[in-house]
Amino acid sequence: MTGVRTAEQLERFRELLLAERREAEERLAEQSEGITAVREARSDTSVDDEHDPDGPTMSQEWSQRTAVLHDVEHELTDVDHALARIDEGTYGVCERCGNKITVARLEARPTATLCIDCARLVR
């Protein structure tokens, strides 16, 4: 079978996506806490991190954490859209050509919205 067709397959992908969402929410909480700590450290005028040869500067730390936070937020959005497609009955259907996305592709990337052929075209 090449595309998602059965209720069992859809339920398996729903569980996979929900697990992915839980993991992303944990990373989001960690990054949010880290950003709060960096924000507090940056506001502390006694911190002279620009001259600390042993570690990254607060600016570097802020940039890294906000980039990771943005990635996790994007991942959560993708997962939510995939879950909505399951509910709508369009999960596993390529948004570009309308063909089925293979189960193997969905197993590798459960949030995929394009079949492999269309994904190659848009790169």
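Computed quantities for the displayed model
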| quantity | calculated |
| --- | --- |
| Boolean, LEU10 is surrounded by 12 or more Cβ atoms within 10 Å (Cβ to Cβ) and farther than 18 Å from HIS74 by Cβ | yes |
| Extreme residue, nearest to LEU16 (Cα to Cα), among residues of region 73-99 that are charged (D, E, K, R) and surrounded by fewer than 17 Cβ atoms within 10 Å (Cβ to Cβ) | ASP80 |
| Selection from region 86-102 of residues that are within 13 Å of ARG14 (Cα to Cα) and in contact (Cβ under 8 Å) with a residue 12 or more places away in the chain | ILE86, TYR91, GLY92 |
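Per-residue answers, yes or no, for (1) at pLDDT 95 or above; (2) β-branched (Val, Ile, Thr); (3) out of contact with any Phe, Trp or Tyr (no Cβ under 7 Å at 6 or more places or on another chain):
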site	(1), (2), (3)
ARG21	yes, no, yes
THR36	no, yes, yes
MET58	no, no, yes
THR77	yes, yes, yes
GLU95	yes, no, yes
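The values are calculated or read from the model by the stated rules, or taken from the named source; none is laboratory data. These numbers come from a predicted model, not from an experiment. Positions of Cβ are backbone-derived with ideal geometry, glycine not excepted, and every protein chain shown enters the neighbour counts.
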